[in-house]
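Q: If you scroll down you'll find the structure; I have some questions about it.
The values are calculated or read from the model by the stated rules, or taken from the named source; none is laboratory data. Since the model is a prediction, treat every value here as computed from it, not as a measurement. Note: ideal-geometry Cβ built from the backbone for every residue, glycine included; neighbour counts use all protein chains shown. Ligands, DNA and RNA are excluded from the accessible area calculation, which covers all protein heavy atoms including side chains. Shrake-Rupley method; radii C 1.70, N 1.55, O 1.52, S 1.80 Å.
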Amino acid sequence: MKVSVTTISISELDVDLLLIPMMEEQADGTLADLADSFGGSFRRAAPDFSGDAGTSVLLYPERGSARRVALLGLGSAEKLSGEALRMAAAEGARLAGVAKVETVGVALAAQETLEVEYVAQSVVEGFLLGAYRFDQYRTESEAPAPVARLVLQTSENDKAVRRGAERGRVISEAVATARDLVNTSPNDKTPTLLAKAMEKSAKKYNYLASVWNKELIEEEQMGGLLAVNLGSQEPPTFTVLEWMPDNRRNERPVVLVGKGVVFDTGGLSLKPTKDSMDAMKSDMAGAAAVIGAVEAVARLELPLYVIGLIPATDNRPGENAYVPGDVIKMHSGKTVEVLNTDAEGRMILADALSYAKTYNPEVCIDLATLTGAAVIALGHHAAAVMTSEGPDADELLAPLKAAGERSGERVHQLPMFEEYGEQIKSTVADIKNVGGRAAGSITAGKFLEHFVSYPWIHIDIAGPSFLKEAKPYKPVGGTGFGVRLLVEYLRDYADRKRG
Ligand code: BES
Ligand code: MN
Ligand code: ZN
């Protein structure tokens, strides 16, 4: 979709559908004003439109250049937020789909609380993410042609609006990359194919991707990744993504690690199908988020050195599969007693995290669909975030929490008290890979902590990464959760580096 910015008046904006987002407080007065430009129906519409968040009214103006006008409710001025703007714009995208329009305009709301750059970014995100469809596999497409052009109309500071709109477009496209990868069918998503997708993205957007094959993974002694892969017919891959611009403000990189289990059957500790294995093509959503984030970072040319690490395999009960009771020597040299082959994510992440040490990272963030317990704790509205207990924990997490609020991809912290570590003590090896039902997300975090020796943040995205019921700008399937969060975090990280 093309996105542009104009300063011509709304009555002259020649579009199939003009969206006018409005706060509750504005509704009455604005409709009276709009009647001058568009005709009397706007005055008569006033009783039908309160400006409540999520509501809309569609009108066919008697005057002006727009064929249709939709009033979109933003809720109260007091609660105006990026999320309210995204939701309203998504409602606009829904209406655009119903009317099958080609061109859409948005009149940017006049308001004092949010910077216009952020307003423009949020509106573009809401519209583009709301318009996202995945129909790669449909042969009988009922889908209308997508909207070709989105025009933001503003009366002031169009430079800032342009910057925000462009950023919103790039980020939304990166989210679509992540969604597409998650939504791709498991039979089209081997570790090798996932690695190929990364090479393609790297080439297109001018960053680096180097793919290790099984031999290299063996040489590097990634025992966790190799153990999980034993039951598979497909070799594992380990992919290193690199964005290292000349104007980077950090000498040591920010390292992002994404869980790339392309399909999780549970292995010999087999999952039941319904509401469990049937969603496990999404078990590489952490990888998808990292790929989308690096893609966006490169396209936005952030002045930061960023590394992405993607260990990838499926987890299957093939005849050579690892078994409960196996003791595995990991990349770090530590030994793990496997008591449940379905706790595979931590096995492959552990190797990536200990390999990350070779970069001497300033901070390392991993994203993983790691535990069902995270879904039980937080549902689909937030990811669980953890870091090592200590004096620096708050300072490390504060910027991530702030990025969560601003991007609409929220994180909620779980504790990592020492006591939880006792649940993963093994009688035969250094640690075991399961800690029982109690605090399942935390014991997974405690497991990963054994392989980390630098500032580290763990994000369990099992809940928000995949939906079985649609939300305003998130259709059923992969949400791309993590892309917007990471990009916002990294943009702020670069700002802080400027001093
Ligand atoms: N990929 C799953 C976690 C998951 C569950 C993600 C539901 C998304 C939705 C992970 O590999 C897993 O199977 N975890 C086990 C761990 C247990 C065996 C300790 C779980 O959560 O049940
Ligand atoms: Mn599993
Ligand atoms: Zn898994």
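Q: Set the Förster distance to 45 Å, then compute FRET efficiency between E419 and D36 from the Cβ-Cβ distance, nearest 0.05.
A: Numbers: r = 68 Å, r/R0 = 1.50.
After rounding, the FRET efficiency stands at 0.10.
Q: Continuing with this model, one more query. Measure up K446/K468; K271/K329; K159/K401; K281/K468 against 18 Å on the Cα-Cα distance and list the ones that go over.
A: K446/K468; K271/K329; K159/K401
Q: Could you check how much of the accessible area of the chain is carbon and sulfur, as a whole percent, using a 1.4 Å probe?
A: Details: 10120 of 20730 Å².
C and S atoms contribute 49 percent here.
Q: Which order do M244, M22 take when ranked by solvent-accessible area (1.4 Å probe, heavy atoms of all protein chains), largest first? Walk me through the numbers on the way to the answer.
A: Numbers: M244 85, M22 0 Å².
Reading off the accessible areas and sorting them downward yields M244, M22.
Q: With a 1.4 Å probe and all protein chains kept in place, how do K432, K200, K189, K468 rank by accessible area, largest first?
A: Details: K432 50, K200 155, K189 5, K468 110 Å².
The ranking, largest first, comes out as K200, K468, K432, K189.
Q: Please tell me the relative contact order of the chain in percent, rounded to the nearest whole number, where contacts are Cα pairs under 8 Å and at least six residues apart. Walk me through the intermediate numbers first.
A: Numbers: 1184 pairs, mean separation 73.6, N = 499.
Relative contact order for the chain comes out at 15 percent.
Q: On alpha carbon coordinates alone, what is the Rg over Rh value for segment 132-243, Rh being the Kirkwood radius? Working shown, then result.
A: Values: Rg = 19.5 Å, Rh = 17.5 Å.
Here the Rg-to-Rh quotient is 1.11.
Q: Can you compute 3J(HN,Hα) from phi for each residue in segment 453-461, using the Karplus curve 6.51 cos²θ - 1.76 cosθ + 1.60 with θ = phi - 60°, rounded to whole Hz and x for Gly and Pro?
A: Computed from phi, the couplings for segment 453-461 are 9, 6, x, 9, 10, 10, 10, 8, 9 Hz.
Q: Continuing with the same structure: Per residue, how large is the accessible surface of the chain? Use a 1.4 angstrom probe and give square angstrom. Don't skip to the end; give the middle numbers.
A: Working: 20730 Å² over 499 residues.
Value for the chain: 42 Å² per residue.
Q: Continuing with the same structure: Loop only by DSSP, 13 or fewer other Cβ within 10 Å of the Cβ. Give me the trypsin sites (Lys or Arg not before Pro) in segment 258-303 that pass, ordered by residue number.
A: Details: sites: K259, K274, K281, R299; in loops: K259, K274.
Passing sites in segment 258-303 are K274.
Q: Quick check: from the Cα gyration tensor, does segment 176-498 come out rounded (a/c under 1.5), prolate or oblate? Provide the component values of the computation, followed by the final result.
A: Numbers: a/c = 1.29, a/b = 1.22, b/c = 1.06.
Rounded shape, in that the Cα axes give a/c under 1.5.
Q: If you fit an axis through the alpha-carbon atoms of helix 440-449 and take the longest principal axis of the Cα set of the chain, what angle between them do you get, 0 to 90°, nearest 10?
A: Tilt relative to the chain: about 70 degrees.
Q: Another question, if that's okay. Only bridges with both residues in the chain count here: give the DSSP antiparallel percent, nearest 5.
A: Values: 26 of 67 bridges.
The answer is about 40 percent antiparallel.
Q: Please say if segment 377-499 is rounded, prolate or oblate, where rounded means a/c under 1.5 for a ≥ b ≥ c the square roots of the C-alpha gyration tensor eigenvalues, and otherwise the choice is prolate for a/b larger than b/c and oblate otherwise?
A: It comes out oblate by the Cα gyration axes.
Q: Sticking with this one: With all protein chains present and a 1.4 Å probe, how do D246, D158, D392 order by accessible area, largest first?
A: Working: D246 155, D158 50, D392 105 Å².
Per-residue accessible area, sorted high to low, gives D246, D392, D158.
Q: Taking a probe of 1.4 angstrom, what is the accessible area of K334 in Å², to the nearest 10?
A: For K334, the solvent-accessible surface is approximately 70 Å².
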